[in-house]
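One structure is given here, and the rest of the page talks about it.
The values are calculated or read from the model by the stated rules, or taken from the named source; none is laboratory data. Computed from a prediction, not measured in an experiment: that's the story for all the values here. Virtual Cβ from ideal backbone geometry, glycine too; neighbours counted across all protein chains shown. Side chains included, ligands, DNA and RNA excluded: accessible areas come from the protein's heavy atoms. Shrake-Rupley method; radii C 1.70, N 1.55, O 1.52, S 1.80 Å.
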Amino acid sequence: MITVIGTGTGAVPSGDVLAGAGLVVGGRRHLDAARLPDGAERVVLGPLAPALDTIGEYLAKDRPVVVLASGDPGFFGIVRVLAERFGPERLDVRPGVSSVAAAFARTGLPWDDAVVVSAHGRGLRTAVNVCRARAKTAVLTGPGAGPAELGAALAGWNRVLVVACGLGSADERVERVTPAEAAVRDWGTAVNVVLCLEETRALGPVRTVAGPGEQPAGWALDEAEFAHRDSMITKFEVRALALARLGPRLGDLVWDVGAGSGSVAVECARLGAAAVAVEKTPDGVERVRANAAAHGVDVRVVHGTAPAALDGLADDPDAVFVGGGGRELPAIVAACARRARRAVVVAMAALDRVPAVRGALTSAGFSCDGVLSQSSRLAPLPGDVTRLAATNPVFLLWGVREPLDREGVAQ
């Protein structure tokens, strides 16, 4: 049997739990803090493979093993690895208080509505995009993916970081800083977790289901759900297919270029993606912000003209929607295609633009497909009868790249 003990935030396992263990495995600080039984072998956790092999040898001899871990070892912890290797029926797990729970407790906030992301050994991209999209996120940090890197990546987003270091120890520190302040600090190695908060929404409503929140009941919302100018908005039929090809999800970054009303950016944000809207007109910028606020999502709005405005966006997007037309459309699509990791979707009314846009996508290595969308909506007539009212036809082209994983590696 393997007894897995979560030491909590500063708690030390009692001697009776360790008594009789033939092997004790854990981090150096856990082993140094524990009173190990006489004759027990100790293995300091570094690379997992040698430690797992040693555990296997003890189990084969039916000798008891104790594994010491931080907090709740079943929460982004060693329980998963042990269960995969030896089977869950051979584990006796005794969890402590996780660093996430402790950090939220120190902050005085509930965390049933928080999203928890591990950046420990996984890269920071997914964590950054979840922080951009959600009002309450906990990030488990690691080397190269700590508060400084997270703060630098959140430049331009309205967030506050709560950095929890040394939880439960005599050197415990819990500091509230802006992303800019976090970016220029050397935080050392004692960071447990970073909470990323959009403070106006950090408390949140009473919840029934824990986690990142319920998915929207519907998408491709009616145009009436958005403020727009002179019907200059991506119609819901076109938006439905565009969303299907963009595939926005939690952890993704999506650009809406030539955003207009921002309807596509808002819908992507409702589906969990971090969304950036690029819009050249001042009144359009305000409309996008108003529509995002009306739907309770966070969309970063960049005032500028593409393709030049795209140079100021540091992070490459997973998917891009390009709306509108004009002579610059092929150049805009080419600029987006150079940086998009997964897909580019383009909506246009002019037939003349289709060959150049398709060429821009295929030249960037995308496989390209598309449709001409022509729909007719039910419209009332006098006498309680109905006719069909045709909408303007729209060409929708999309380019798809070879799939990448969340950190940008081809699958």
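Candidates Gly27, Gly22, Gly39, Gly56: the one that is open to solvent by 30 Å² or more (accessible area, probe 1.4 Å), out of contact with any Cys (no Cβ under 8 Å at 6 or more places or on another chain) and without any contact (Cβ under 8 Å) to a residue 60 or more places away in the chain is Gly39. When Pro50, Pro95 are screened for being more than 27 Å from Leu150 (Cα to Cα), under 29 Å from the mean Cα position of the chain (by Cα) and open to solvent by 70 Å² or more (accessible area, probe 1.4 Å), only Pro95 passes.
Restricting Gly296, Gly272 to residues that are on the phi > 0 side of the Ramachandran plot and open to solvent by less than 20 Å² (accessible area, probe 1.4 Å) narrows the list to Gly272.
Looking across segment 90-112, the residues that are outside any helix (DSSP H, G or I) and farther than 18 Å from Asn158 by Cβ come down to Leu91, Asp92, Val93, Arg94, Pro95, Gly96, Val97, Ser98, Gly108, Pro110, Trp111, Asp112. The strands (runs of 3 or more DSSP E) found wholly in segment 239-324 and carrying at least 2 residues that are free of Cβ contacts under 8 Å to residues at least 60 places away in the same chain occupy 274-279, 299-303. Scanning segment 102-115 for residues that are in contact (Cβ under 8 Å) with a residue 24 or more places away in the chain and either within 20 Å of Pro317 (Cα to Cα) or surrounded by fewer than 21 Cβ atoms within 10 Å (Cβ to Cβ) (or both) yields Arg106, Thr107, Leu109, Pro110, Trp111, Asp112. Return yes when Val163 is of a type in the set (A, V, I, L, M, F, W, C), under 18 Å from Glu199 (Cα atoms), touching a helix residue (DSSP H, G or I) at 6+ places or on another chain (Cβ under 7 Å) and open to solvent by less than 20 Å² (accessible area, probe 1.4 Å) and no when it is not. Yes: the conditions hold for Val163.
If the condition is being assigned to a loop (DSSP other than H, G, I, E, B), of a type in the set (A, V, I, L, M) and at pLDDT 90 or above, then segment 203-232 contributes Ala220, Leu221, Ala227. Return yes or no: is Asp62 at pLDDT 80 or above and outside any strand (DSSP E or B)? Judged against the criteria, Asp62 is a match.
Restricted to segment 263-290, and to residues that are among the small types (Gly, Ala, Ser) and touching a His at 6+ places or on another chain (Cβ under 9 Å), which residue is farthest from Val320 (Cα to Cα)? Among residues in segment 263-290 that are among the small types (Gly, Ala, Ser) and touching a His at 6+ places or on another chain (Cβ under 9 Å), the one farthest from Val320 (Cα to Cα) is Gly284. If you go through segment 147-163 one residue at a time, do you hit one that is over 20 Å from Trp111 (Cα atoms), touching a Cys at 6+ places or on another chain (Cβ under 7 Å) and assigned to a loop (DSSP other than H, G, I, E, B)? Checked segment 147-163: at least one residue is over 20 Å from Trp111 (Cα atoms), touching a Cys at 6+ places or on another chain (Cβ under 7 Å) and assigned to a loop (DSSP other than H, G, I, E, B).
Selection of segment 191-245 for residues being open to solvent by 50 Å² or more (accessible area, probe 1.4 Å), at negative phi and charged (D, E, K, R) yields Glu199, Arg201, Arg207, Glu214, Asp222, Glu225, Arg229, Lys235, Arg245. If you go through segment 324-338 and keep only what is open to solvent by less than 40 Å² (accessible area, probe 1.4 Å) and on the phi > 0 side of the Ramachandran plot, you end up with just Gly326. Once segment 178-190 is narrowed to residues that are open to solvent by 10 Å² or more (accessible area, probe 1.4 Å), of a type in the set (A, V, I, L, M) and in contact with a helix residue (DSSP H, G or I) (Cβ under 9 Å, 6 or more places away or on another chain), the residue that is farthest from Gly108 (Cα to Cα) is Val184. Of the residues making up segment 299-323, those that are open to solvent by 50 Å² or more (accessible area, probe 1.4 Å) and not basic (Lys, Arg) are His303, Thr305, Ala308, Asp311, Gly312, Ala314, Asp315, Asp316.
Restricting attention to segment 65-89 and to residues that are assigned to a loop (DSSP other than H, G, I, E, B) and among the hydrophobic types (A, V, I, L, M, F, W, C), the residue that is nearest to Leu36 (Cα to Cα) turns out to be Ile78.
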